[in-house]
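See below for the structure under consideration.
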């Protein structure tokens, strides 16, 4: 089989190949099998979610690949790992046990920033609560979602529940 691999990708695969003393095709096969098994497990537990697969992103030039894709996906993965670590630290804090200094330092550097709510939005939510008898809210990461995007998400949720603007 003849393949033309992206140089950035092939360099990473060669590093794994050297580290584990395995042939390049076996490294690639096992990495792909791992990913397919993870996707299968998620589907078994959560059902088909129709999730977006960021490894198949496009831009104006076509499919994103190589170093650009690696950079984009690794940035996304770092944010996910930060969120997971922060959640773990918050759970540890809730238990009441002492949290190691390095964990608290990480938490302080990465904890979600509270979003200040516009008083008009606060009043709107109060009125919706009185009208529908349940809180109207949506959670989001402030560093990844603007207030405008969050309000749009809220409106979409309201429409799904049949109580949005008509």
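FYI, it's all coordinate maths here, none of it is from the lab. Just so it is clear, the model here is predicted, and its values are computed rather than measured.
Calculate how steeply helix 7-20 sits against the longest principal axis of the alpha-carbon atoms of the chain, using the helix alpha-carbon long axis, and give the answer as 0 to 90 degrees to the nearest 10.
Here the helix axis deviates by roughly 70 degrees.
As a check on your grasp of the helix formula, calculate [θ] at 222 nm for the chain: sum -39500 (n - 2.57) over DSSP H runs of n ≥ 4, divide by the residue count, round to the nearest 500.
So the helix-based figure for the chain works out to -21500 deg cm²/dmol.
Expressed as a rounded percentage, what relative contact order does the chain have, with Cα pairs under 8 Å and six or more residues apart? All intermediate terms of the calculation are to be shown ahead of the outcome.
On the way: 63 pairs, mean separation 18.8, N = 166.
Relative contact order for the chain comes out at 11 percent.
What angle do you read, to the nearest 10 degrees and between 0 and 90, between the alpha-carbon axis of helix 147-160 and the longest principal axis of the chain?
Between the helix axis and the principal axis of the chain, the angle is about 80 degrees.
What angle, in degrees between 0 and 90 and rounded to the nearest 10, separates the Cα long axis of helix 24-46 from the longest principal axis of the Cα atoms of the chain?
30
Full-extension gain between residue 146 and residue 113, please, as 0.36 nm times their residue separation minus the C-alpha to C-alpha distance. Mind dumping the intermediate values first?
Details: separation 33, 0.36 × 33 = 11.88 nm, distance 1.23 nm.
Full-extension gain reported as 10.7 nm.
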